[in-house]
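Okay, structure first, notes after.
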């Protein structure tokens, strides 16, 4: 399965009526990583007025997300940031918009616009990449069957695989789950049924 995320940490800045908005976009592989990076940014910008954020982890039916206005009026910061994740179709990501208040209130419409703009600008600046993730499974085989299995693997869109050589050979294969049943059948047939995983 393919999904879009960002390559690396990206930051942008802009000022609106004296308030400074700093956008941060960070790749995150898990909820724990997103929360850890959020705490780190809060410590870095401990004297900011607000550190509003949205994160989204997972893909397909396994998406988890959270967003927060961090003290701004309800619905004016976290949700607009989250909406930009949807607009750019990215996941496994944390976006934080740090605001240093400049003395002039922006009003609810102004806040929505400013937080949306900061998140949008940061995501436009980030390098968006497509990644692929599949199901992993393991095959144990003899050295004799190893080349036969490699021949079969070469006919499939394997995402990545690892080989461990001990008494026997262990292959750890990552492939889109829709291909697994056919791949296992082909391996069984190629090895005359001696490898049956």
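Some values worked out for this structure:
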| read-out | value |
| --- | --- |
| Residues of segment 1-29 satisfying the condition of being part of a loop (DSSP other than H, G, I, E, B) and surrounded by 20 or more Cβ atoms within 10 Å (Cβ to Cβ) | 28 |
| Of all residues in segment 47-64 being loosely packed, with under 14 Cβ neighbours inside 10 Å and closer than 29 Å to residue 176 by Cα, the one that is farthest from the chain's Cα centre (by Cα) | 61 |
| So residue 42, is it in a helix (DSSP H, G or I), in contact with a strand residue (DSSP E or B) (Cβ under 9 Å, 6 or more places away or on another chain), over 17 Å from residue 126 (Cα atoms) and without any contact (Cβ under 8 Å) to a residue 60 or more places away in the chain | yes |
| Search result, residues across segment 83-139 that are more than 30 Å from residue 1 (Cβ to Cβ) and in a strand (DSSP E or B) | 98, 99, 100 |
| Hits in segment 48-60 - residues which are part of a loop (DSSP other than H, G, I, E, B) and touching a residue at least 40 places away in the same chain (Cβ under 8 Å) | 48, 49, 59, 60 |
| Qualifying residue in segment 61-84 (condition: in contact (Cβ under 8 Å) with a residue 60 or more places away in the chain, touching a strand residue (DSSP E or B) at 6+ places or on another chain (Cβ under 6 Å) and assigned by TED's automatic domain parsing to the domain that holds residue 109) | no |
| Number of the condition not met by residue 152 [criteria: (1) touching a strand residue (DSSP E or B) at 6+ places or on another chain (Cβ under 8 Å); (2) surrounded by 16 or more Cβ atoms within 10 Å (Cβ to Cβ)] | (1) |
| Flag if residue 18 is assigned by TED's automatic domain parsing to the domain that holds residue 126, modelled with pLDDT under 95 and under 29 Å from residue 109 (Cβ atoms) | yes |
| Output for segment 140-197, where each listed residue is farther than 29 Å from residue 60 by Cβ, assigned to a helix (DSSP H, G or I) and out of contact with any helix residue (DSSP H, G or I) (no Cβ under 9 Å at 6 or more places or on another chain) | 146, 147, 150 |
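The values are calculated or read from the model by the stated rules, or taken from the named source; none is laboratory data. Source: prediction; values computed, not measured. Ideal geometry is used to build each Cβ from the backbone, glycine not excepted, and the neighbour counts take in all protein chains shown.
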